[in-house]
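No lab work stands behind these numbers, since they all come straight from the coordinates. Keep in mind it's a predicted model, so treat the numbers as computed, not measured. As a convention, Cβ positions derive from the backbone with ideal geometry for all residues, glycine included, and neighbour counts pool all protein chains shown.
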Amino acid sequence: MYFNELVASYDRERHERDIFHDLMRYRVREILLVASLYDSYVLESDGALSEQIYGEFFKLNLTTAPRVSCAYTPDSAMEMFGTGGFDMVILMAGLDFEVPLALAGRMKSTWPDVPVLLLAMNNSSLAGFDSDSQACRDSIDRIFVWNGYSKLFVGMIKYVEDLRNVDTDTRVGMVRVVLLIEDSVRYYSRYLPLLYSVVMKQTQQLVEEEKSVETYKILRMRGRPKVLLATSYEEAVTLYDRYEPYLLTVISDVRFSKQGEVDPEAGFHFLAMTKERKPDLPVLIQSSEPENREKAYILGAAFADKNSNTLGRELGLFFQEQLGFGPFVFRDPEGEEISRARNMQDFEDQLRSIPAESLLYHAARNHFSAWLMARGEVRFARIIRNYMPDDFSGPAELRDFICRALDDLRRGKARGVMPAIGSSAAMGTGDRGLARLGGGSVGGKGRGLAFIKSLIDNMAFSTIQNGMEIRLPYTAFLGIDEFEHFMDLHGLWGFAWYAAPEAEVRKAFLSRPLGGDLVDRLRVFLSGTDKPLAVRSSGLFEDMLMVPFSGVYDTFLIPNDDPDPERRLAQLCDAIRLIYASLYSESARSYFDAAGYKIEEERMAVVVQELVGRRRGRWYYPLIAGTAQSYNYYPISYLKPDDGLCVAALGLGPYVVEGGAAHRFSPRYPKIDVVA
């Protein structure tokens, strides 16, 4: 009932980014996102999406990060769209596709040249949608499916930009082209973000190797390869004919449409044609039919099994071997490798410990500024480039200068976003209510909690609800990057995926340590609380509308009261590892099979929260637990469905969700006795 005020406050507090000089012939400047308030928040916030947009765009082409304008109803969307100022429209679709299609038709009749993309929430919602309908073909330029993968949003923007820029960029700049042939919305929604990630790494290496002036580096950044998508044989041939001199590689499915019918050999027909015309062109055949592997090898192509649990990594390996780009490599003056930095955090950590000779070696050659320029840190890269080792009294002063500048850069980027707790005890400067202990998406539960925290920060609830104050318990998120690092570090993917007994999985996970950096951050987190902790799963698929994964994974309560801080830390680490292992439990595997999802697509984040309650002697009593829903499907008396329904109980959640002694009431009329 406070929707208008909520929307106004939410829009007012949206984080704004700087506007950078436009270096591209065509770019997406203004995006209209039509979605519910929660969906728009998830798209913009999960996995630090706004940070991704800023960083990826700056990194790939040094252009202005696009501005996203949100509309929450069809009428408000048409009112905004009618101004003609948008370069791209994204329509979110849950279960109802009729409303987005009707809205897309109205938009196309107004501005037919503006790309309109349809974004389905997940595979389940997409299953019942007829993408071949006349209405879809007339009004939708491309369909994608989200499935909780935040990087897809950047991929959709780059898809539109590449399609518009490829003619000019290949003709003038002789940029290369990656051709993807795939008719499955689910699969190309996974491939495109991966392809753009690989393209970014290639461009990064080109800039790192450039020793010329900054202006020429920027021009080189414009020369990144373009990624084009074809969903039929005829479309693929058209693109191949047009851009054959510039092709870098082709990735093709086997079974897709040819001459209006699904041809089980279409991919091989296309492969034969490419090898005849361009024998040295690298081609990757990907198929869900393993028997196609041998035929692909005979025709001179690599092969990837769509059903493989490691498909994403196989694709990444294919590109790495073909293009040869990677992380920043620290070397000694003789060129011997010392270590590698995968990201900015690794770069900063290793910069503090590399030998002085290596520091001077890279600083004298502007390697640091080139690598940082490719990662979008242009302002900082230019500052470093203005200094040479001779400008400092020695390696120690040079190292201190760079590390302090990096620290200032990181702190500046952290303002206004979810804070992180580092191993360097700077907890007091952040927001104690919410913290990140690891990168990547925070999963289903995490998204909901972050959304609630955003509402708390932006809404004066105490003035609305008679002075009632709403707070979030001290909460920390371990993003999916920590899970992936744990699995990579100990080589557990194959062991867990291929149906090892549940007890063995738990035992194996408990015997492997978490990453040292994560343990340090957990130690800092525990130093700020002495209350019992709820350690909760937060998988990517959790809390989805149609397939919620409710109760599939584990949650643990730990007392957090041992006088020995290291024992408290050990208990927390054990709980995290057991939650990771619960992804591969028998109940989870059964749920994935029944829901039609691949367990390989799931990733596990973890939410750690203080348990709200009070101590009574040696006991700790939780105060209250409950659930609330905005729509009541079974109203009684004069209650209306929109009045909502709450279920609350003294103690913990099982009293509510397992049918214990709980109290049901409507927030609008709390005195009405709602009997289950």
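Observations, loosely collected:
- Label-to-label distance for Q350 and R293 is 3.3 nm, based on points extended 7 Å past Cα in the beta-carbon direction.
- Prolate/oblate/rounded call for segment 550-676, Cα gyration tensor, a/c under 1.5 rounded: oblate
- Sequence ranges 440-451, 343-354, ranked by mean other-Cβ count within 10 angstrom, highest first: 440-451, 343-354
- Distant-in-sequence amide contacts of V227, defined by a placed amide H-H separation under 5 Å and a gap of 5 or more residues or a different chain, comprise V178.
- Extended-chain gain in nm, criterion 0.36 nm per residue less alpha-carbon gap, T310 and S36: 95.3 nm
- Rough spin-label spacing in nm, given labels placed 7 Å along Cα→Cβ, for Q259 and M546: 3.5 nm
- In sequence order, calculated HN-Hα J values of segment 650-663 (Karplus, 6.51, -1.76, 1.60; Hz; x Gly/Pro): 6, x, 9, x, x, 4, 8, 7, 10, x, x, 6, 9, 10
- With a Förster radius of 51 Å applied to the C-beta separation of E397 and E484, the computed FRET efficiency comes to 0.85.
- Residues with amide H under 5 Å from that of S339, placed H, sequence gap 5 or more: F330
- Full extension of the chain segment joining Q134 with E357 gains 73.7 nm, where the gain is 0.36 nm per residue of separation less the Cα-Cα distance.
- Segment L623-Y26, length gained on full extension (0.36 nm per residue, minus Cα span): 209.3 nm
- Inter-label distance, nm, simple model (7 Å from Cα along the C-beta direction), F451/H269: 4.5 nm
- Overall, the anisotropy analysis places segment 429-620 in the oblate class: the square-rooted eigenvalues a ≥ b ≥ c of its C-alpha gyration tensor yield a/c not less than 1.5, with a/b not exceeding b/c.
- On a per residue basis, the convex hull of the C-alpha atoms belonging to segment 624-665 measures out at 66 Å³.
- Per-pair calculated FRET efficiency, R0 = 22 Å: I470 and V657 via Cβ, rounded to 0.05: 0.55
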